[in-house]
Amino acid sequence: MVSTCGERVVRGLEQSFEGVWCALAAAYEFAGRIEPFRGHVRTTVPLEPTDACKGVRVDVTEATETAARTEGWVEMPFSLEGGFLSLETDTAGLFLLLPIES
């Protein structure tokens, strides 16, 4: 029997991002395909950064015939409490927790 519904997923990314405390990808997954989603997602992951940090969502606009690919960082709210990072989003994408440079 094949499932006819997918699920919203949030995954930690293990690939290296220099200077990043944590990288998470949020998306909707159906039949092995990753798609944007509608709705609200809250996730909590174990994390204890040792420095002050900020959270960003990476907004990417893919290249077209008339425009180059662009990438922008939008600050996002999050909380760090008791060794856990919690964030909420209604937008699929890549989320990074970055140390604040002094």
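The values are calculated or read from the model by the stated rules, or taken from the named source; none is laboratory data. Values in this document were obtained by computation on a predicted structure and should not be read as measured data. Using ideal geometry, Cβ is built from the backbone for each residue, glycine included, and neighbour counts are taken over all protein chains shown. Each accessible area value is taken on the protein alone, full model and side chains, heavy atoms only, with ligands, DNA and RNA left out. Shrake-Rupley method; radii C 1.70, N 1.55, O 1.52, S 1.80 Å.
The figures follow:
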quantity	calculated
Selection count where residues are β-branched (Val, Ile, Thr) and closer than 22 Å to residue 100 by Cα, scope region 44-81	6
Output for region 38-78, where each listed residue is in a strand (DSSP E or B) and either of a type in the set (D, E, K, R) or at pLDDT below 80 (or both)	41, 42, 54, 57, 59, 71, 75
Residue in region 43-66 that is closer than 16 Å to residue 93 by Cβ, open to solvent by 100 Å² or more (accessible area, probe 1.4 Å) and in contact (Cβ under 8 Å) with a residue 40 or more places away in the chain present	no
Residue match in region 79-87 (condition: surrounded by 11 or more Cβ atoms within 10 Å (Cβ to Cβ), in contact (Cβ under 8 Å) with a residue 12 or more places away in the chain and outside any strand (DSSP E or B))	no
